Amino acid sequence: MSQSGADVLIVGAGPTGLTAGSELIRHGFSVRVIDSKPSPSRLSKALVLHARTMEVFESMGMVDRVLDTGERFVALNVHTHAKRPPVRIDLLKRNWHDTRYPFWFSIPQCETERCLVEHLESLGVRVEWGTELRELSQHGNGVSARVTDASGSTQELEADWLLGCDGSQSRTRELTGIEMDYRPYGIEFALADARADVDLGTGEGHVFPTKQGALMIAPTPTEGLFRLIAHVEKGAQLGIADWAKLVFERTGLAFDIQDLAWHSHFRLGHGLAQRYRHERVFLLGDAAHVQSPVGGQGLNTGIQDAHDLAWRLATDKRAGGAEKLLDGYATERRPFAERVIRYTSRATRMLAAPRAIRPFRNKLARRFLGFTVLQERFGRGIGMLDSRCGGSETLGDFSRPWVGRRLPNPLLWNGQRLHDRIDDLRHTAVDFDVVDDLDGAAAWPGPGLRFGEGGLPDPGGVVAGALGARPGERWLVRPDRIVAEIGEPQALEAKFFREIGCPVAAL
Ligand SMILES: Cc1cc2nc3c(=O)[nH]c(=O)nc-3n(C[C@H](O)[C@H](O)[C@H](O)COP(=O)(O)OP(=O)(O)OC[C@H]3O[C@@H](n4cnc5c(N)ncnc54)[C@H](O)[C@@H]3O)c2cc1C
């Protein structure tokens, strides 16, 4: 432990930094979390948490806190034609049996952050508000950071690692000389949280991709408060009357707005840091990737970055020599963000398509979104359940479709789910119908599950079916529930772990 009294210094107490703080404590680190803001934010910004993030919160032990604070989205209605009923995507009737959280969850970002702050405090750490990172330098086994605190005095903090979770204008990124190539789209959106006396159906979201421009109306957990997001002309500033007029022009609805709880205007674009790591400094969340808010992926991706990095640092702390696992953070998470950027960018350009092609776009949308199978893919895709990280030396054979993806989470015979049986700190071996007793070489030194004869029951082959597992196979699942490798027990250890560089028993 360094002089500052913490193994890890976390710069930024947005959703990413707060998740990183709690996760690292869970993995046995001491942390300090600083933020330049004088106090927690009250802005509602990101409104959607996705299924994959809810699973992360579950493994952190704070999902109930979040579930108590928000509401499920019931449906998304896409109004492709003014005179025809919308295409309705019922988000509660999707075929998502492999997760405990088969929904999109509406909760303002400030509430998500409040839950995270409370969780962090329950683990014994308070955010140091009003404390700003100014300078940093790296030496041998640590990082020195110069910060100014709320009283204006300067302190030198020492830590083994520094995590830059300081948002899109990241000072950490600047100080480590990592470039972010930012690409503006030349598209502007206005946003407002509007209190209005209108009935749009409980939990029902609406998209109006009209000739005049797109408008989204999303429910919030507060009754009578709606999130409005509109594609607007460059530089447009909208007050209450302008919003009411815009909504009427694009939807025909008399939207009687009483008050704007929050409103903002932003220029869309994306950016990706060229590197995610500089020696003992990592970039996470918006500091590493900035994307369009369409699809609500930014906050979710940041939380998942933090969850991913924490177990890698923990393995390195426990076993040492986990350099490849640490590098795997960048080689896996950066391509993940790249894909998020690609599809949010496409979705944004589609919503803001040039006027001439808007009728054609709407016809196509109506046709495709009408198919149940495509609705399914759309819902799960945005829910981040089927996303895949980039390949790395610490993941196995990428020709196996599940490697690098989240382990499905089907119900077990006893009412538990598969994820409940996966270890939170180490790799778990899940074996299917391994007939013979495993010899020493094939026995897994860490936590393991065995389905089939002589092992756990899998009536009707529900678990094996959900995974498409073949008899005799071993699935190695990381603490973040990502499938690391699949193969025969005898072959897998030798093939997969030869390269990792830290003792298998530590994983
Ligand atoms: C209008 C809007 C709607 C959005 N909707 C969604 C959505 O529905 N779903 C979704 O997933 N995402 C959404 N996003 C994106 C989401 O808000 C961001 O991706 C998310 O806030 C990123 O979290 P973060 O913790 O990485 O960074 P931030 O939330 O930006 O937090 C960074 C923190 O670092 C602090 N900081 C900065 N510099 C320093 C320094 N030098 N020293 C100390 N502290 C510092 C800041 O004060 C801040 O608290 C939306 C964004 C906007 C603007």
**Tabulated pairs, the range 469-497, first over 13 Å from residue 397 (Cα atoms), second assigned to a helix (DSSP H, G or I) and at pLDDT 90 or above, C-beta under 7 angstrom, 6+ apart or interchain** = 478/311; 479/311; 480/307; 480/308; 480/311; 481/55; 481/419
**Prompt:** Is it the case that some residue within the range 280-293 is open to solvent by less than 20 Å² (accessible area, probe 1.4 Å), among the acidic types (Asp, Glu) and within 16 Å of the ligand (Cβ to nearest atom)?
**Reply:** no
**Filter result (buried (at least 21 other Cβ atoms within 10 Å of the Cβ) and not in a loop (DSSP other than H, G, I, E, B)) within the range 374-390** = 375, 379, 380, 382
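Yes or no: residue 316 among the acidic types (Asp, Glu) and under 23 Å from residue 138 (Cβ atoms)? Spell out how you get there, then give the answer.
Numbers: among the acidic types (Asp, Glu): yes; under 23 Å from residue 138 (Cβ atoms): yes.
When the stated conditions are applied, residue 316 passes them.
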**Fill in**
When every residue in the range 151-175 that is surrounded by 15 or more Cβ atoms within 10 Å (Cβ to Cβ) and small (Gly, Ala, Ser) is compared, the one farthest from the ligand (Cβ to nearest atom) is 159
**Message:** So, restricting to strands (runs of 3 or more DSSP E) that lie completely within the range 159-232, which ones have at least 2 residues that are not assigned by TED's automatic domain parsing to the domain that holds residue 142?
**Reply:** 180-196, 204-210, 213-219, 225-232
**Prompt:** Name the residues in the range 277-325 that are more than 19 Å from residue 390 (Cβ to Cβ) and either in a loop (DSSP other than H, G, I, E, B) or aromatic (Phe, Trp, Tyr) (or both), would you?
**Reply:** 279, 280, 292, 293, 294, 295, 296, 320, 321
**Identity of the residue in the range 1-27, more than 8 Å from the ligand (Cβ to nearest atom) and either touching a Lys or Arg at 6+ places or on another chain (Cβ under 7 Å) or part of a strand (DSSP E or B) (or both), that ends up modelled with the lowest pLDDT** = 4
**helices (runs of 4 or more DSSP H) (entirely within the range 45-141) containing at least 1 residues that are among the aromatic types (Phe, Trp, Tyr)** = 51-60
**Item:** Hey, residue 322 away from the ligand (no atom under 13 Å from the Cβ), in the same structural domain as residue 174 (by TED's automatic domain parsing), out of contact with any helix residue (DSSP H, G or I) (no Cβ under 7 Å at 6 or more places or on another chain) and open to solvent by less than 20 Å² (accessible area, probe 1.4 Å) or not
**Value:** no
**Complete:** In the range 132-150, anything within 12 Å of the ligand (Cβ to nearest atom) and closer than 27 Å to residue 329 by Cα is listed as 132, 133, 134, 135, 136, 145, 146, 147
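Residue 213 - would you say it is on the phi > 0 side of the Ramachandran plot, open to solvent by 10 Å² or more (accessible area, probe 1.4 Å) and either modelled with pLDDT under 95 or not acidic (Asp, Glu) (or both)? Spell out the reasoning first.
Numbers: on the phi > 0 side of the Ramachandran plot: yes; open to solvent by 10 Å² or more (accessible area, probe 1.4 Å): no; either modelled with pLDDT under 95 or not acidic (Asp, Glu) (or both): yes.
In short, no.
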**Request:** Assess whether residue 238 counts as being touching a strand residue (DSSP E or B) at 6+ places or on another chain (Cβ under 7 Å) and either more than 14 Å from the ligand (Cβ to nearest atom) or over 24 Å from residue 66 (Cβ atoms) (or both).
**Result:** yes
**Contacts under 9 angstrom Cβ, first residue in the range 9-33 being without any contact (Cβ under 8 Å) to a residue 60 or more places away in the chain, partner more than 9 Å from the ligand (Cβ to nearest atom), 6 or more apart** = 30/1; 30/5; 30/6; 30/7; 30/8; 30/24; 30/125
**Request:** Examine the range 32-42 for a residue that is modelled with pLDDT under 95 and either closer than 30 Å to residue 370 by Cα or within 11 Å of the ligand (Cβ to nearest atom) (or both), and state whether such a residue exists.
**Result:** yes
**Request:** Sort out which residues of the range 176-199 are among the hydrophobic types (A, V, I, L, M, F, W, C), more than 23 Å from the chain's Cα centre (by Cα) and crowded, with 17+ Cβ neighbours inside 10 Å, and write them in order of number.
**Result:** 187, 190, 192, 194, 196
**Options 83, 93, 45: the member that is open to solvent by 20 Å² or more (accessible area, probe 1.4 Å), at pLDDT below 95 and within 12 Å of the ligand (Cβ to nearest atom)** = 45
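Assess whether residue 312 counts as being free of Cβ contacts under 8 Å to residues at least 60 places away in the same chain and within 13 Å of the ligand (Cβ to nearest atom). Break it down into steps so the answer makes sense when it comes.
Numbers: free of Cβ contacts under 8 Å to residues at least 60 places away in the same chain: yes; within 13 Å of the ligand (Cβ to nearest atom): no.
So residue 312 fails the test.
The values are calculated or read from the model by the stated rules, or taken from the named source; none is laboratory data. Just so we're clear, the structure is a prediction, and the values are computed from it rather than from any experiment. Heads up, the Cβs are rebuilt from the backbone with ideal geometry, glycines too, and the neighbour counts pull from every protein chain shown. Note: accessible area is taken over every heavy atom of the protein model, side chains too, but ligands, DNA and RNA are not part of it. Shrake-Rupley method; radii C 1.70, N 1.55, O 1.52, S 1.80 Å.
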